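> This is the structure, below, for whatever I ask next.
Bear in mind that the values in this text are calculations on the coordinates, not laboratory data. These numbers were taken from a predicted model, which means no experiment stands behind them. Positions of Cβ are backbone-derived with ideal geometry, glycine not excepted, and every protein chain shown enters the neighbour counts.
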Amino acid sequence: MLKEEVDQRYLRMPHAERGMVVGLFGGSFNPPHEGHALVAEIAIRRLGLDQLWWMVTPGNPLKSRNHLAPLAERIALSEQILHNPRIKVTAFEQTLGMSYTANTLAHVKARNRHVHFIWIMGADSLNTFHRWQKWQEIAQTFPIAVIDRPGSTLSYLSAKMAKTFHYARVDEDDARVLWKKRAPAWTFIHGPRSTLSSTALRAAQ
Ligand SMILES: Nc1ncnc2c1ncn2[C@@H]1O[C@H](COP(=O)(O)OP(=O)(O)OP(=O)(O)O)[C@@H](O)[C@H]1O
Ligand SMILES: O=C(O)c1ccc[n+]([C@@H]2O[C@H](COP(=O)([O-])O)[C@@H](O)[C@H]2O)c1
């Protein structure tokens, strides 16, 4: 049986050194799967990340929490599938009171003025990004890396975010210097893909 209470160390924001490039990968991870781990590995390699913060959300503001496993369980399962020391599993968002990404990012930036952050998400998330709170502000403040996902490879081009910020798209060959670009700046990264999804895994349980 997995413990219900979240270990205190996951409620503290991870530490990053001045000048580091850190990827922020938020997710419900309900449950986490190898598709998520693949996104993290691709992001680390292609973006040249020093760290990737695997941020297990207390709850996606746009999703029902009816079938959401306890935070402690999603953290423990994440730790089980991850083996890269650059990846820091964290749930510090739980302590912020609200789980809107714009709010989280403002806290993260305020605490780490000299760290370079990149927001990371799968291609399906890009399609709904314009429904997130303050989505334009997020895009105008942080570089964003979108990682390909089966089913969203081409549809992302019609995403409102892709259209609104088409002028700010960075070629994926330049992904390694995305952190240096002044936002808005985003890139779409193609690479190995996984068809895994949490919904399918829950249905198979
Ligand atoms: N197979 C995958 N390939 C690429 N990106 C993925 C994949 N699975 C999830 N992601 C991305 O990982 C992040 C967290 O996703 P999430 O935890 O919602 O997983 P999911 O499999 O999409 O879950 P659900 O099926 O419950 O919506 C999101 O940015 C999502 O786009
Ligand atoms: O801030 C928002 O309005 C918002 C709306 C939808 C999703 N998010 C964030 O997007 C990340 C991915 O969520 P999910 O459920 O698709 O794994 C996670 O960190 C959520 O908190 C954020």
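> State to the nearest 20 debye the size of the charge dipole of the stretch 1-100 about its Cα centre, where the only charges are +1 on K and R beta carbons and -1 on D and E beta carbons.
So the magnitude is around 220 debye.
> If you don't mind, there's one more thing I want to ask. Per q in 0.22 Å⁻¹, report the Debye log10 I(q)/I(0) for the stretch 1-42, using one uniform scatterer on each alpha carbon and no solvent.
-1.05
> If you line up the Cα atoms of the chain on their principal axes, what length do they span on each, largest first, in Å?
Sorted from largest, the Cα extents of the chain read 49, 38, 30 Å.
> Run the reach check for Lys163 against lysines, Cα to Cα strictly under 29 Å, same-chain hits fewer than 8 apart removed. What comes back?
By straight Cα distance, Lys163 reaches Lys63, Lys109, Lys134, Lys180, Lys181.
> Follow-up. Could you work out the helix-only [θ] at 222 nm for the chain, with each DSSP H run of four or more residues adding -39,500 (n - 2.57) and the total divided by the number of residues, to the nearest 500 deg cm²/dmol?
Calculated at 222 nm, the ellipticity per residue is -8500 deg cm²/dmol.
> Treat the stretch 35-140 as a sphere of radius equal to its Kirkwood radius over Cα pairs and apply Stokes-Einstein at 10 °C in a medium of 1.306 mPa s; give the translational diffusion coefficient in µm²/s, rounded to a whole number.
It diffuses with D of about 106 µm²/s by this estimate.
> Treating only the Cβ atoms of Lys and Arg (+1) and Asp and Glu (-1) as charged, compute the dipole magnitude of the chain about its Cα centre; round to the nearest 20 debye.
540
> Still on this structure: So, how do all the Cα-to-Cα distances of the stretch 98-205 break down into 10 Å bins, in percent, from 0 on up?
14, 44, 33, 10, 1
> Write out the trypsin sites (Lys or Arg not before Pro) in the stretch 149-182 meeting two conditions: DSSP loop, and at most 10 other Cβ atoms within 10 Å of their Cβ.
When the trypsin sites (Lys or Arg not before Pro) of the stretch 149-182 are filtered for loop state and at most 10 Cβ neighbours within 10 Å, Arg182 remain.
> Between Gln140 and Ser64, how high is the FRET efficiency from 1/(1 + (r/R0)^6) when r is the Cβ-Cβ distance and R₀ = 30 Å? Nearest 0.05.
0.50
> What's the center-to-center distance, using Cα atoms, between the stretch 66-144 and the stretch 11-62 in Å?
Cα centroid to Cα centroid, the span is 7 Å.
> Could you pull out the trypsin sites (Lys or Arg not before Pro) across the stretch 6-56 that fall in loop regions by DSSP (anything but H, G, I, E, B) with no more than 14 other Cβ atoms inside 10 Å?
Arg12, Arg18
> What is the order of Leu11, Leu47, fewest Cβ neighbours within 10 Å to most?
Listed from fewest to most nearby Cβ atoms, that is Leu11, Leu47.
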